[in-house]
Every structure is written in C-alpha cells, then in structure tokens.
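Enquirer: If you scroll down you'll find the structure; I have some questions about it.
The values are calculated or read from the model by the stated rules, or taken from the named source; none is laboratory data. All values derive from a computational prediction rather than experimental measurement. For neighbour counting, all protein chains shown are included, and Cβ atoms are generated from backbone atoms with ideal geometry for every residue, glycine included.
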Amino acid sequence: MNLTCIALRTTRYSDRYDILSAYSREIGRVALLVPAGSGKEARRVRALVQPLSLFSCTSDIRPTREIHSMSQCSLVGSTSAAIGANPLKTSVAIFLAEILSTLLRENQADEATFEFLKDAVERLATTAAVANFHICFLYHFAQYVGIAPDTATYSDRRLFDLQNARFLDTPPLHNDFLGPDESAVFHSISRMTFDNMRFFEFNRQQRAQILSLIMRYYTIHYASLSSVKSLTVLQSLFD
C-alpha cells in the first residue's frame, strides 16, 4: 500500500530496527519498521523522517500486525528541508510531534485531520514568525479531537469553565476554571490563525502561561500531556 505520512517520533526496537510512529492519510496512526544504526540506508531514512516530515512510502499493511514494513521512502515537497534548516522551527516541530504522538491515538484514517496537519506543516515551513505557531496549532487542533471550546458563550468578564468548555457568569462547582483576565486571553486566541498569529504580541512569560492553559485543557478533556519532554526547551526559545 502506498502511504502519505507525517512523521511523529522514532523509538528503538532492536539493534537492527527502530519503530517510526507516523500519521497517514490512508490509515491514520501507523507504526513503521525503519533501519537503525549508522549504515548508509539507516542514515538516509533517518534524515527523511525527522519530526513532522511529510513523506511517502510503500508498506505491506497487514491487519494482524501492529508494526509494518516500509520501503521506497521519499520526501513530499520541501517542507522538511525548510524546517530542518531553522533551529526555531525544528524545536517547534519536535514539540508538536511529541504532542501529536500522545493525541493521535486512533488507528483509522481521518481526511480532515490529515489535511489540517499537512497544511500546518507547510505553514511552519514557509512562515517567518513562528513564536506563536504552537499556540495557534494546539488551539485549533482541539476541533479535530472533538474538544473545541464553545466561544459563542463568551462575553466580557465571563469565566471560562475548563471542564465544560464554555464561558460562565459565575464560578462552577469545581476549581478547573479561569478568571476573567485569563478567560479573555483564552478567548482572544480563538481569533488567531496561521495568517495573523504574528500580530499577537506576547512576552515569554505570557506565552508560557497560555501554552500551559491549553495543555491543561487537553489534559482535562483528552489525554495527559504532563510527560512532554520538549516543553522546557521550547519555552526558552522565544522572548
């Protein structure tokens, strides 16, 4: 089967092979066997499947197997080279790939999700300002895992109920809610797009707080992101 994939992360499997986790247009989340070590083919494939690389391959997909073979791997477009040439973009890609490795759990295809990811990777490769990219990405990706906040309930000085994903006039009967100021910032991000994100001016502390809120929201509704190792590095990069 021919697959078009977005690389997520690679883990050691044996002395000869690693396992590449990827998200494909055709079958969704997939685990692919790739060569390990310092040989020529291993180095070639490793260069092609860096985090968020868009690549195509041929795989012998068998329903009875959890890990599938891979051959004829090649890049799709020039996004990988553009991201890899920029240390800031590379760090964003590593962070988002680690997040997606946790969030993309379903082994079934979803065309809308794949197209969102593909467009995001292409935007990351071509945009000049990436300080807010991960915030914009994570906020809008919530729609594709079914946890998009109800922004229609917002009005000035309302509180955001993290558990019920809506804005309220009075505090809910739990502690998972944001005060009026944080709620206003959270709502403002709903207007952020890959086209206008450069106009949202945050300092490093504000950006870290916003990202923490978004990750808390995902943890409440979908999957814990507390084990993300690349978060500290990412937060140190942007002023």
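Enquirer: Picking from G77, G37, which residue would you name as being free of Cβ contacts under 8 Å to residues at least 24 places away in the same chain, over 17 Å from the mean Cα position of the chain (by Cα), surrounded by 12 or more Cβ atoms within 10 Å (Cβ to Cβ) and in a loop (DSSP other than H, G, I, E, B)? Walk me through how you get there before you give the answer.
Expert: Values: G77 fails: free of Cβ contacts under 8 Å to residues at least 24 places away in the same chain.
Only one candidate qualifies: G37.
Enquirer: Looking for whichever is part of a loop (DSSP other than H, G, I, E, B), among the polar types (S, T, N, Q), within 20 Å of L8 (Cβ to Cβ) and out of contact with any Ser or Thr (no Cβ under 8 Å at 6 or more places or on another chain) here; the options are Q163, Q108. Which one fits?
Expert: Values: Q163 fails: within 20 Å of L8 (Cβ to Cβ).
Selected residue: Q108, the only one of Q163, Q108 that is part of a loop (DSSP other than H, G, I, E, B), among the polar types (S, T, N, Q), within 20 Å of L8 (Cβ to Cβ) and out of contact with any Ser or Thr (no Cβ under 8 Å at 6 or more places or on another chain).
Enquirer: So which pairs qualify, if the first residue must be in region 225-239 and closer than 11 Å to S212 by Cα, the second must be at pLDDT 80 or above and hydrophobic (A, V, I, L, M, F, W, C), the Cβ gap must be under 6 Å, and the two must be at least 6 apart or on different chains?
Expert: Listed by first residue and then by second, the contacts come to L225/M215; Q235/A208.
Enquirer: OK, next. What's the number of the only condition in (1) closer than 25 Å to F141 by Cβ; (2) small (G, A, S); (3) more than 15 Å from the chain's Cα centre (by Cα) that A7 fails to meet?
Expert: Just one mismatch for A7, condition (3).
Enquirer: Here is a follow-up. Specify the residue that is surrounded by the most Cβ atoms within 10 Å (Cβ to Cβ); the eligible residues are those in region 49-67 that are touching a Leu at 6+ places or on another chain (Cβ under 6 Å) and within 19 Å of R16 (Cα to Cα). It would help to see each step written out before you state the result.
Expert: As a first pass, look at region 49-67 and keep what is touching a Leu at 6+ places or on another chain (Cβ under 6 Å): 49, 55, 57, 59, 67.
Remaining after also requiring within 19 Å of R16 (Cα to Cα): 49, 59, 67.
Working: V49: 26, S59: 22, I67: 14.
The selected residue is V49.
Enquirer: Applying the selection to region 52-107, what residues are modelled with pLDDT under 95 and on the phi > 0 side of the Ramachandran plot?
Expert: Correct list: Q72, G77.
Enquirer: Further question on the same structure: For region 142-154, what are the residues that are touching a residue at least 40 places away in the same chain (Cβ under 8 Å) and not in a loop (DSSP other than H, G, I, E, B)?
Expert: Within region 142-154, A142, V145 meet the criteria.
Enquirer: Is it true that F186 is in contact with a strand residue (DSSP E or B) (Cβ under 7 Å, 6 or more places away or on another chain), assigned to a helix (DSSP H, G or I) and more than 29 Å from Q108 (Cα to Cα)? Lay out the reasoning, then the answer.
Expert: Numbers: in contact with a strand residue (DSSP E or B) (Cβ under 7 Å, 6 or more places away or on another chain): yes; assigned to a helix (DSSP H, G or I): yes; more than 29 Å from Q108 (Cα to Cα): yes.
Spelling it out, F186 is indeed in contact with a strand residue (DSSP E or B) (Cβ under 7 Å, 6 or more places away or on another chain), assigned to a helix (DSSP H, G or I) and more than 29 Å from Q108 (Cα to Cα).
Every residue, every condition in (1) modelled with pLDDT of 90 or more; (2) in contact with a helix residue (DSSP H, G or I) (Cβ under 6 Å, 6 or more places away or on another chain); (3) farther than 23 Å from R123 by Cβ, yes or no:
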residue: S188; (1), (2), (3): yes, no, no
residue: F194; (1), (2), (3): yes, yes, no
residue: F199; (1), (2), (3): yes, no, no
residue: F202; (1), (2), (3): yes, no, no
residue: S212; (1), (2), (3): yes, no, yes
residue: R216; (1), (2), (3): yes, no, yes
residue: I220; (1), (2), (3): yes, no, yes
residue: A223; (1), (2), (3): no, yes, yes
residue: S226; (1), (2), (3): no, no, yes
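Enquirer: Another question, then. Quick check on region 112-129. Is at least one of its residues at pLDDT 95 or above and farther than 30 Å from P87 by Cβ?
Expert: Within region 112-129, one or more residues are at pLDDT 95 or above and farther than 30 Å from P87 by Cβ.
Enquirer: Provide a single number: the residues in region 218-239 that are hydroxyl-bearing (S, T, Y) and part of a loop (DSSP other than H, G, I, E, B).
Expert: 6
Enquirer: Sticking with this structure for a sec: Select from region 143-166 the residues that are surrounded by fewer than 17 Cβ atoms within 10 Å (Cβ to Cβ) and under 15 Å from S190 (Cα atoms) and list them in ascending order.
Expert: Q143, I147, A148, D150, T151, A152, T153, S155, D156
A quick yes/no check of all residues on (1) assigned to a loop (DSSP other than H, G, I, E, B); (2) within 15 Å of L138 (Cα to Cα):
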| site | (1), (2) |
| --- | --- |
| D156 | yes, no |
| P172 | yes, no |
| Q206 | no, no |
| S212 | no, yes |
| R216 | no, yes |
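Enquirer: So which residues in region 114-129 are outside any helix (DSSP H, G or I) and either touching an Asp or Glu at 6+ places or on another chain (Cβ under 9 Å) or of a type in the set (S, T, Y) (or both), if there are any at all? Break it down stepwise before answering.
Expert: First, the residues of region 114-129 that are outside any helix (DSSP H, G or I): 127-129.
Answer for region 114-129, where residues must be outside any helix (DSSP H, G or I) and either touching an Asp or Glu at 6+ places or on another chain (Cβ under 9 Å) or of a type in the set (S, T, Y) (or both): just T127.
Enquirer: Can you find a residue that is among the basic types (K, R), closer than 30 Å to S224 by Cβ and surrounded by fewer than 20 Cβ atoms within 10 Å (Cβ to Cβ) anywhere in region 12-20? Give the steps one after another, and end with the answer.
Expert: Restricting attention to region 12-20, the residues satisfying the condition of being among the basic types (K, R) are 12, 16.
After this cut, where a residue has to be closer than 30 Å to S224 by Cβ as well, the list is 12.
From the residues that got through so far, the ones that are surrounded by fewer than 20 Cβ atoms within 10 Å (Cβ to Cβ) too are 12.
Checked region 12-20: at least one residue is among the basic types (K, R), closer than 30 Å to S224 by Cβ and surrounded by fewer than 20 Cβ atoms within 10 Å (Cβ to Cβ).
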